[in-house]
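Enquirer: One structure coming up, written as structure tokens, with questions to follow.
The values are calculated or read from the model by the stated rules, or taken from the named source; none is laboratory data. What you are looking at is a predicted structure, and each value in this text was computed from that prediction instead of being measured. Here the Cβ positions follow ideal geometry from the backbone for every residue, glycine too, while neighbour counts run over all protein chains shown.
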Amino acid sequence: MHAAGYPSVDLILSVEDADWNSILPDAAQLAVEAVGAALAGAGMMPGLVTEVGVTLADDTMLRDLNGQWRGKDKPTNILSFPIVQLAPGDTPGAMAGDLVLARQTLEREALRDGKSLADHFRHLVIHGMLHLLGYDHEEAEEAEQMERLEVLVLSTLAIADPYADSGGVAGVDPVD
């Protein structure tokens with residue numbers, strides 16, 4: 001698979017939790033759209049050559065990874081594992097990195113926030129992809145920059161601003 005608009009960006013999808021197939025059977029196509037939109041929003045040229053792994057997992061796997069890599073003993077919605085830590089605007093190498101998503105957390109958050117699973121999934125993939133491209137939300141200024149870019153990218157997919165009701169940057173915390 002290739003990212004939308006990026007014929008040389010390989011997207012490798014791995015389904016580790018079969019329940020993804022029933023809750024979001026078009027996850028592969030949604031990931032293709034989201035990765036392409038994030039690359040375009042970050043200003044990556046269409047000739048970019050890289051690979052992105054997307055793993056559809058469950059809360060157990062994300063809890064384990066979150067504990068191992070971030071010291072947090074709880075699941076999270078998505079984790080990003082860049083091969084090389086980039087700065088915003090840098091071009092990734094042959095392998096950008098991996099995104100790992102938790103099905104149950106995605107479902108809970110979408111239900112809680114009144115969002116469709118497809119829109120929330122694409123938001124998380126965009127968020128994770130921006131991390132692979134060097135964006136972060138550790139500091140307030142970084143968070144504002146990343147949030148603005150996320151909202152812009154989401155708008156290209158006709159997805160409403162997910163932070164509109166959260167008061168801005170404070171709403172970044174749940175998507176970490």
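Enquirer: Can you name the residue in the stretch 57-78 that is part of a loop (DSSP other than H, G, I, E, B) and either without any contact (Cβ under 8 Å) to a residue 40 or more places away in the chain or of a type in the set (D, E, K, R) (or both) and, of all such residues, is surrounded by the fewest Cβ atoms within 10 Å (Cβ to Cβ)?
Expert: Gly71
Enquirer: Now, a different point. Tell me, yes or no, whether the stretch 18-41 has at least one residue that is in contact with a Leu (Cβ under 8 Å, 6 or more places away or on another chain), surrounded by 13 or more Cβ atoms within 10 Å (Cβ to Cβ) and farther than 17 Å from His123 by Cα.
Expert: no
Enquirer: I'd like the residue in the stretch 42-54 that is in contact with a strand residue (DSSP E or B) (Cβ under 8 Å, 6 or more places away or on another chain) and buried (at least 20 other Cβ atoms within 10 Å of the Cβ) and, out of all such residues, is nearest to Leu132 (Cα to Cα).
Expert: Val52
Condition check ((1) modelled with pLDDT of 95 or more; (2) out of contact with any helix residue (DSSP H, G or I) (no Cβ under 7 Å at 6 or more places or on another chain)) across all residues:
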{"position": "Met1", "(1), (2)": "no, no"}
{"position": "Leu13", "(1), (2)": "yes, no"}
{"position": "Asp19", "(1), (2)": "yes, no"}
{"position": "Gln29", "(1), (2)": "yes, yes"}
{"position": "Gly36", "(1), (2)": "yes, yes"}
{"position": "Gly47", "(1), (2)": "no, yes"}
{"position": "Glu51", "(1), (2)": "yes, yes"}
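Enquirer: Could you check the stretch 1-38 and list, in sequence order, the residues that are polar (S, T, N, Q) and over 19 Å from Leu154 (Cα atoms)?
Expert: Ser8, Ser14, Asn21, Ser22
Enquirer: I've got another one for you. Does any residue in the stretch 136-157 that is in contact (Cβ under 8 Å) with a residue 12 or more places away in the chain come within less than 9 Å, Cβ to Cβ, of a residue that is surrounded by 15 or more Cβ atoms within 10 Å (Cβ to Cβ) and of a type in the set (Lys, Arg) six or more places away or on a different chain, and which pairs are these?
Expert: Between residues of the stretch 136-157 that are in contact (Cβ under 8 Å) with a residue 12 or more places away in the chain and residues that are surrounded by 15 or more Cβ atoms within 10 Å (Cβ to Cβ) and of a type in the set (Lys, Arg), the close pairs are Leu154/Arg122; Leu157/Arg122.
Enquirer: Tell me whether the stretch 110-122 contains one or more residues that are in contact with a Gly (Cβ under 6 Å, 6 or more places away or on another chain), at pLDDT 95 or above and of a type in the set (A, V, I, L, M, F, W, C).
Expert: Within the stretch 110-122, not a single residue is in contact with a Gly (Cβ under 6 Å, 6 or more places away or on another chain), at pLDDT 95 or above and of a type in the set (A, V, I, L, M, F, W, C).
Enquirer: Sticking with this one: Do we have Gly128 as small (Gly, Ala, Ser), in contact with an Asp or Glu (Cβ under 8 Å, 6 or more places away or on another chain) and either surrounded by 13 or more Cβ atoms within 10 Å (Cβ to Cβ) or part of a strand (DSSP E or B) (or both) here?
Expert: Answer is no for this residue.
Enquirer: Another question about this same structure. So for the stretch 39-56 (the condition being assigned to a helix (DSSP H, G or I), aliphatic (A, V, I, L, M) and either under 14 Å from the mean Cα position of the chain (by Cα) or closer than 25 Å to Leu152 by Cα (or both)), does at least one residue qualify?
Expert: Within the stretch 39-56 (the criterion being assigned to a helix (DSSP H, G or I), aliphatic (A, V, I, L, M) and either under 14 Å from the mean Cα position of the chain (by Cα) or closer than 25 Å to Leu152 by Cα (or both)), the answer is yes, since at least one residue qualifies.
Conditions tested, residue by residue: (1) within 14 Å of the chain's Cα centre (by Cα); (2) within 21 Å of Ile83 (Cα to Cα).
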site: Arg112; (1), (2): no, no
site: Asp119; (1), (2): yes, no
site: Leu124; (1), (2): yes, yes
site: Met129; (1), (2): yes, yes
site: Leu149; (1), (2): yes, no
